[in-house]
């Protein structure tokens, strides 16, 4: 054994930052331990010294390095003075080829340098690294220094986990994959994050040592871990090969809510064991989205005494948020319902979607059971990670007759499903997802929102009686973090949805979009202009069978209607100011659409007795946006020279942005039922190019 002692001047020695593991030296009994490469073994020299010890010396084999802290002056090969703070830091540079193949000894001396005792420590060095894709490039790198923490931003770090909320099963008895505590198909693995245990060392660990993987009880509700088939295992039969290709046998469950800790086989030599980590739930008010997984090396003490951990490696995952897609993103599919009476609407939607070049999916009546409000039942979004991305539908707690559509028709391979369940007495019209929108990307006072901001409608803050979106949905939306929500006042509306007075359309300049707002003021301005041009006798709803016509003059002369619209305009102006402030908008970013409202008359009011507004004629802001093509409710406004004046005004405003307007007849089958084109349709869109984990938080 070669001899090494500390140098006379070690004050300039700077050790790299490594984990320190306390170990014991013993002059009475030979000690042995396993050392993990990349850490220091830290031994108190005073604690292990025999009585009356004044000096010590250290010897070690070639694969062992040590230093003494604090540095102690002394000549090489000479005993070193012992003080109460002397600590020995031991490390090894490479993994052992066999058990106990390295050794360090400390010899203690008395006042006259007589030998009082000798402590011998036998060492086995191993490399242990629990690895994840901490740099977010889709590859599991080795021992990333940042794997145990999570940081937002383009220079951030930390692994990402998807909620496994799609279903590899397409048909009968399907469930989201996270509801199975086994791997249903090998294809299911692509929805999970890969985690790799890398080891290097002797063929086996010294007796009694073992590796365990573990999670906390708090995190166990949010994650599940499967282990891949051991590399040395062989398929002996055709059945084995079938199982290896398709099913559970080769991916045993390692960790779950019922199994918080489990031993991991140490394979010896240079080895890798692959694990698949499955997210089980989205961030919410009781879950911040972060999950820790730990790998520990346990050391035996004695028979029938529990082992103790001497090394732990930890990795951190963040569960990917659910992300909504705004009107400015490219459409993929358009969804509508077929009912017994909505042929004019369907015809218009077919023509619009065909002209736009997208897919139209029609939910037939045996599925929708007469419920035509496709927008209100669900909202499309997606989840994303460096290794996988797929759409996820958020099912509202509205639960109308369309309630089975999101689960039965959309959930499937690479199409996820999530919902929030509320107490029925807490659910109101404001929980329908016409009351859930998202803005395009914006910058507000220097803060960037590259994924836009979610917009919901609630009761006015000072209202003593009002409806609100249920807490479980609001909590879910806020917890996603990446699209910080904005609450607007929408309870003044009979239905109560933000899509009744606002939407976004793409634009070639400024911020890349315009906010469209319903505006009674713009409506009265247009009607007064018609009157002053001699068109006061032109009729609304002319040619719309079964609807009583009314002239421009009669609309203008109706003082009660004017008062009602003054109230509506004040409600919209409140929201206008909130949107300008929260989205960083100027007046030039907003376009007012001429739309009048009316308050529901007595006998038609809501159960709480409050009169609320509905659109007086088809609400043109409640449109569907398909690229540069807009599907707008046909307003049946007063005609001038054979053309609807309201349509002409909308076309003038939109065509200046390079947008094409198609007017769809929804009067009898949607407008009269207090909804419009947007309420009766839904659009799945392409995801953002921007990666959510690059957000500056």
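What number results when the radius of gyration of segment 132-319, computed over Cα atoms, is divided by 2.2 N^0.38 Å? Spell out each step's value before the answer.
On the way: Rg = 17.4 Å, N = 188, 2.2 N^0.38 = 16.1 Å.
Working it through for segment 132-319, the quotient is 1.08.
First check a/c for segment 495-647, with a ≥ b ≥ c the square roots of the eigenvalues of its C-alpha gyration tensor; if it is under 1.5, answer rounded, and if not, answer prolate when a/b is larger than b/c or oblate otherwise. Note, shape of segment 495-647 comes out oblate.
Go through 502-513, 652-663, 541-552 and give me the packing order, highest mean Cβ count within 10 Å leading. Could the numbers behind the result be given before it?
Values: 502-513: 18.3, 652-663: 16.3, 541-552: 14.4.
Ranking, from highest mean packing down: 502-513, 652-663, 541-552.
With both labels modelled 7 Å from their Cα along Cα-to-Cβ, the residue 151 to residue 343 distance reads 6.5 nm. Note on segment 606-697: antiparallel DSSP beta bridges, both residues inside, total approximately 50 percent of the bridges counted.
Would segment 323-694 count as rounded, prolate or oblate if I go by the C-alpha gyration tensor, calling it rounded below 1.5 in a/c and otherwise prolate when a/b exceeds b/c, oblate otherwise? Present the calculation step by step, with values, prior to reporting the outcome.
Numbers: a/c = 1.41, a/b = 1.39, b/c = 1.01.
It is rounded, given that a/c, with a ≥ b ≥ c, falls under 1.5.
For a label point 7 Å from the Cα of residue 542 along Cα→C-beta, name the residues of segment 629-643 whose backbone N is under 19 Å from it. From segment 629-643, the list is 634-643. The calculated 222 nm mean residue ellipticity attributable to helices in the chain amounts to -4000 deg cm²/dmol, summing -39500 (n - 2.57) over DSSP H runs of n ≥ 4 and dividing by all residues. Note on the chain: Kirkwood radius taken over Cα pairs, Stokes-Einstein applied at 4 °C and 1.567 mPa s, translational D equal to 43 µm² s⁻¹. Helix 645-655 and the longest principal axis of the C-alpha atoms of the chain enclose an angle of approximately 30°.
Secondary structure note: in the chain, about 75% of the DSSP beta bridges are antiparallel.
What share of the DSSP beta bridges in segment 19-127 is antiparallel, in percent to the nearest 5? Mind dumping the intermediate values first?
Values: 26 of 36 bridges.
Around 70 percent of the beta bridges assigned by DSSP in segment 19-127 are antiparallel ones.
With the simple model of a label 7 Å out from the Cα in the direction of the Cβ, residue 367 to residue 509 spans 4.3 nm.
Before anything else, pin down the relative contact order of the chain: Cα pairs under 8 Å, at least 6 apart, normalised by residue count, whole percent.
Values: 1640 pairs, mean separation 77.4, N = 697.
With pairs under 8 Å counted, the relative contact order is 11 percent.
Label reach from residue 304 (point 7 Å along Cα→C-beta): in segment 27-42, no amide nitrogen lies under 20 Å. A straight line joining the Cα centroids of segment 145-183 and segment 470-485 runs 19 Å.
In which sequence would 574, 373, 152 go, from the one with the fewest C-beta neighbours within 10 Å to the one with the most?
Neighbour counts put them in this order, fewest first: 574, 152, 373.
Assuming a ≥ b ≥ c are the square roots of the Cα gyration tensor eigenvalues, decide whether segment 366-465 counts as rounded (a/c under 1.5), prolate (otherwise, with a/b larger than b/c) or oblate. Oblate. Take 172-181, 398-407 and order them by the average number of nearby Cβ atoms within 10 Å per residue, most first; the result is 398-407, 172-181.
Read the figures in this text as sums done on the coordinates, not as results from a lab. Here the structure is a predicted model, which means the values were calculated and not measured. Virtual Cβ from ideal backbone geometry, glycine too; neighbours counted across all protein chains shown.
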